[in-house]
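As structure tokens, the structure follows; a few thoughts come after it.
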Amino acid sequence: MAVGERADRAASGAGTVSARSWAARLGQDVARIVVLSAVAGLMLAFFASGVYQLVAEARAVENLTFEDILPSPGEILDAWRAHETLLLDRHIPETLWETLAGLSMAVVLGVTIAALMDFSPLLRWVLYPVLVVSQTIPIFAIAILLILVFGFGSGPKITVVVLFCFFPIALNTFGGLQSADPELVSLLRAMGASSRQAWLKVRLPAAMPSFFGGLRIAATYSVVGAIFGEYITAQHGLGVFLKRSYSSFRLDQAYLAIILTAALSLLLVLLVNLVERLALRWYYTSRRSDWRGPGIY
Amino acid sequence: MAETPCLDVRGVSKTFRDGGQTVTALENVSLAARPGEFITIIGPSGSGKSTLFNLITGLAEPDTGEIVFDCGPVRKRAGRVGYMPQRDLLLPWRTVLDNVILGPELDGRPRREARRRAREMMPLFGLAGFEDAFPDTLSGGMRQRAALLRTFLTDRDVLLLDEPFGALDALTRRELQRWLLDVWQRFQKTILFITHDVEEAVFLADRVLVFSARPGRIVKELHVTLPRPRQSISLLSTELREMEAELLDTLRAANGDPALPDAR
């Protein structure tokens, strides 16, 4: 009872609320900083001990120097300068094209599968197990097979990206469609809407937040998918660059490729977030007002 | 009035199967609504009031009996009446303006024209300035008014309102009752209105129908003789109180209680 009363008073007295939530926010921020620095410290210690181990072993076995294994930021920058035109003209556009084409096709395929499963219980019964089993087969094995069979072009890589990306989109969108409020659908039917109208005006928009959740996961997978495809065999792309760097033991170039891959993935996720914010203004203006977001994400 | 809208429910029964048991929700219910009439329906929970609305809107089919619109049988009932369920059920991804034009939009009428008309109606429904707000940012009373405006803009002659003010606080409820009477008089609609509040039932209606507990039947029909307009009538008037008492007695009997339980 006392708790309920306090909650009531907190809800009615705006002044107390803002003071209290200000204090609560400060507390949250302090807690956040403490946890983050603890985690960062642990990771740093772990990483440092790993590097130490690596260096010690390399010295013992291969007679390598520290610089060979862990190039300095300056060296990575030099690698970028040396290959800037090649990377910007050939490799990055190729990888970006494969990623975006694959992701777009994964969106179409994923949403189509979700819609089909939503429409018909029979298709749900047939497709759902296929969908799940498709994820139990190692995608890497399938990808290698695909590329070995279909060869160098960007087509097989796009297919790999689709394979990596369609599942989270299909599953999340399907979940979103299923979670649409049945009373909203009933209301539209009572108002004389056709089932097509009811689907387009209720179920599809209701699924959008879940769809974007799936798309965000898919976006992080997509660049990795493209790189992986290229790594197996290709003429252009960051994956080939990475492979060539490894085979010629140019670790500075390899690190450069890794950094570029991470940057591309991050940019893509940020793009998805931006589109989501614009498309789901209703979702973020109301319920998510307290949620300040996890930093850059 | 240009047309003569009418709704005639004739001897309708409906049973459900609920886990192997057969539940009779409605039994031989008949009611005829005159054009422009305001009918309120009260009854115990589970007496099939909302089921009746589901039958009228075409969300379900009656087992026996028929439902007739405009004095003729109708093949497809969906979309014939304006329906407002207990929850406001505004689409959260649409602004208030785009929510209230849902009816015309589903009818395939041009959106721009519908928006223009909706904008004109906004002040009357106390929504001026909130055209572009999303439903989740509105208060309960405003959401309810938006749902009512949506129901009005369907341009149907018969409106079914299922406990539209049930979830509101007493003060907002009073305000909206008076305001609903205003709107009803201005637009000459036929209204069927479900409520749990006996006072509300009498205050609004030309006619009050009392449903019995399951199976739902109409056990009493009360013509409310209070003069119109009612907006200024005192809720303490003797007439109103007497009718309330009469309805409460009927409800108690419908629930199966002979009288008030004695205080121990």
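Tabulated results
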| item | result |
| --- | --- |
| Furthest towards positive pole of dipole, A:40, A:164, A:179, structure part chain A, Cβ charges | A:179 |
| Taking the convex hull of Cα positions in segment A:159-285, its mean projected area over all directions (nm²) | 9.6 |
| Student exercise, segment A:71-290 dipole from Lys, Arg, Asp, Glu Cβ charges, in Debye to nearest 20 | 580 |
| Euclidean distance of C-alpha centroids, segment B:153-174 and segment B:122-150, integer Å | 13 |
| Cubic angstrom per residue, convex hull over Cα atoms of chain A | 225 |
| Rg over Rh [alpha-carbon atoms, Kirkwood Rh] for segment B:29-184 | 0.96 |
| Computed over segment B:90-155, Kirkwood Rh from alpha-carbon pairs, angstrom | 11.4 |
| Per-selection metrics, the protein assembly as shown (Cα): Rg and Dmax in Å | 32.8, 106 |
| FRET efficiency, 1/(1 + (r/R0)^6) with R0 41 Å, evaluated for residue A:275 and residue B:68 via beta carbons | 0.20 |
| Length added when fully stretched, residue A:149-residue A:57, from 0.36 nm per residue minus Cα-Cα | 29.2 nm |
| Alpha carbon convex hull of segment B:1-104, volume per residue in cubic angstrom | 152 |
| Most mobile of B:150, B:228, B:34 in a GNM of chain B (Cα contacts under 10 Å) | B:228 |
| Full-extension gain in nm, residue B:188 to residue B:86, via 0.36 nm per residue minus C-alpha separation | 34.5 nm |
| Convex hull per residue volume in Å³, alpha carbons only, for segment B:113-218 | 124 |
| Euclidean distance between Cα centres, segment A:115-133 to segment B:229-243, Å | 60 |
| Those aspartates and glutamates that a straight Cα-Cα span of less than 12 Å connects to residue B:220, excepting residues fewer than 8 apart in one chain | B:246, B:249 |
| FRET efficiency estimate (nearest 0.05) - Cβ-Cβ, residue A:233 to residue A:48, R0 41 angstrom | 0.65 |
| Semi-axes of the equivalent ellipsoid for segment A:53-187, Cα gyration tensor, largest first, Å | 44, 19, 17 |
| Selected from A:278, A:184, A:26 as most flexible by GNM, with chain A as the system and alpha-carbon contacts under 10 Å | A:26 |
| Shielding by partners - mean other protein chain Cβ count within 10 Å, residues of A:181-187 | 5 |
| Hydrodynamic radius by Kirkwood, which averages 1/r over all alpha carbon pairs of chain B, in angstrom | 19.4 |
| Candidates A:262, A:170, A:218, ranked by Gaussian network fluctuation over chain A, Cα under 10 Å, top entry | A:262 |
| Theoretical ellipticity at 222 nm over chain B - DSSP helices of four or more residues, -39500 (n - 2.57) apiece, nearest 500 | -9500 deg cm²/dmol |
| Hypothetical label at residue A:179: residues of segment A:209-235 whose amide nitrogen lies under 14 Å (7 Å Cα-Cβ projection) | A:209-215 |
| Beta bridges per DSSP with both ends in the protein assembly as shown, % antiparallel, nearest 5 | 55 |
| For segment B:237-245, 3J(HN,Hα) per residue [Karplus equation, 6.51 cos²θ - 1.76 cosθ + 1.60, θ = phi - 60°, Hz, x = Gly/Pro] | 4, 4, 3, 4, 4, 5, 5, 4, 4 |
| Footprinting exposure proxy for A:163, B:176 (fewest neighbouring C-beta atoms within 10 Å first) | B:176, A:163 |
| Karplus 3J(HN,Hα) series, Hz, for segment A:217-234 with 6.51 cos²θ - 1.76 cosθ + 1.60 (x for Gly, Pro) | 4, 4, 4, 5, 6, 4, 5, 4, x, 5, 4, 4, x, 5, 4, 5, 6, 6 |
| Chain A: calculated mean residue ellipticity at 222 nm from DSSP helix runs of at least 4, using -39500 (n - 2.57) | -27500 deg cm²/dmol |
| Neighbour-count ranking [beta-carbon atoms within 10 angstrom, fewest first] of A:97, B:93 | A:97, B:93 |
| Nearby aspartates and glutamates by direct alpha-carbon distance to residue B:14 (threshold 13 angstrom, same-chain neighbours under 8 apart not counted) | B:27, B:61, B:63, B:66 |
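A short reminder: the numbers here are calculations on the coordinates, not readings from a lab. Bear in mind the structure is a predicted one, so any value in this text is a computation, not a measurement. As a convention, Cβ positions derive from the backbone with ideal geometry for all residues, glycine included, and neighbour counts pool all protein chains shown.
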